[in-house]
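Below you'll find the structure, written out as structure tokens, and then a few comments.
The values are calculated or read from the model by the stated rules, or taken from the named source; none is laboratory data. Because the structure is predicted, anything quoted here is derived from the model rather than measured. Here the Cβ positions follow ideal geometry from the backbone for every residue, glycine too, while neighbour counts run over all protein chains shown.
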């Protein structure tokens, strides 16, 4: 289980890192955008101040600047307060001293002054005022300004985005956790049923041999044969118990002859094929030149599961299951091909999922356990290489030398 806990932790760390990168990236990009907009607004206010300065120092008629002044004012979409050098606001009742600022008309003159002074203090926090000077020495007035509505929204936008993204990630995580728990539940139920199924056959055999012993106790030769079969079934029980005990722990791997292991499983099934009522031949082609680090019991279980699936898929009178072994310097490849009914393309991504089964009495653990044994314990790969409806399927196993 340690392998999967580590994998789960790594996935969580990766998700957190991705979320952090997205969050900081959004904040950084928005900050740059806000700074550019604020820079544009400040340039506009400076132009506004220069216009006032030019008007105050010019001897030309005021109306000559009307077009320029009106066009600057029209572009201002943020709060602005024009004061004298002592920061007193004049003509606020006509709106010439303020811009984009709502003043309650029911306030008294004194209350309005207090409101404007508070507003000036608030604007000063965000931006330093721009001075209107005469001859670059005498301060005629000051312009206080704030952020436009779009800048204000942009400031809060990344936090809202992070909030929604965080909420989505939390919901996704909860959904993922629910699916994981549901899958684990299917595994536990399936394991319990698979255990009962695996134990059922040898236990039934033992009960049968016991009855035969009662009937043949006075015939030494038959008792000896029955005793041998009893030992065989007891060994089978021991192997089943050993297999299940290795699931959830890290089994020991040791050099094994791959060909011999596959032959052993094939021979086991060939003895029992007549009982299935099917005429199926199991063929082994190719061989390995060196031993492979394996856990023999678990690897045999994988081969058994693949043969069982192939037998269930074969519906023709003359069935065939072909094991083809090839190798190179680094890997060994095992192709398991049958001439069964094939697998629907829509279901190919589901066949290794715990609990998935096309059999009415299946528990959906065979391929799931096989995938775990090959990929998690042996660091190999198992997948459905190809499948054609009505013609058969090929599973492929990769193992490292």
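Scan the range 327-344 for residues that are in a loop (DSSP other than H, G, I, E, B), surrounded by fewer than 19 Cβ atoms within 10 Å (Cβ to Cβ), on the phi < 0 side of the Ramachandran plot and touching a residue at least 40 places away in the same chain (Cβ under 8 Å) and the total you get is 3. Among the residues of the range 98-143, those identified as closer than 28 Å to residue 50 by Cβ and in a loop (DSSP other than H, G, I, E, B) are 100, 101, 102, 103, 127, 128, 129, 135, 136, 137. Here residue 246 meets the list (1) at pLDDT 90 or above; (2) closer than 21 Å to residue 372 by Cα almost entirely, failing just condition (1). Residues that are exposed (fewer than 15 other Cβ atoms within 10 Å of the Cβ) and touching a helix residue (DSSP H, G or I) at 6+ places or on another chain (Cβ under 8 Å): does the range 290-299 have at least one? There is at least one residue in the range 290-299 that is exposed (fewer than 15 other Cβ atoms within 10 Å of the Cβ) and touching a helix residue (DSSP H, G or I) at 6+ places or on another chain (Cβ under 8 Å). With respect to the conditions (1) modelled with pLDDT of 70 or more; (2) closer than 16 Å to residue 144 by Cβ; (3) not in a helix (DSSP H, G or I), residue 91 falls short on a single one, namely (1).
Inclusion of residue 395 among residues that are part of a strand (DSSP E or B), modelled with pLDDT of 95 or more, in the same structural domain as residue 293 (by TED's automatic domain parsing) and in contact with a helix residue (DSSP H, G or I) (Cβ under 9 Å, 6 or more places away or on another chain) is warranted. Scan the range 262-279 and give yes if some residue there is surrounded by 19 or more Cβ atoms within 10 Å (Cβ to Cβ), in contact with a helix residue (DSSP H, G or I) (Cβ under 9 Å, 6 or more places away or on another chain) and farther than 25 Å from residue 399 by Cα, otherwise no. The answer is no, given that none of the residues of the range 262-279 is surrounded by 19 or more Cβ atoms within 10 Å (Cβ to Cβ), in contact with a helix residue (DSSP H, G or I) (Cβ under 9 Å, 6 or more places away or on another chain) and farther than 25 Å from residue 399 by Cα.
Just one of the listed residues (68, 27) is at pLDDT below 80 and under 25 Å from residue 135 (Cα atoms), namely 68.
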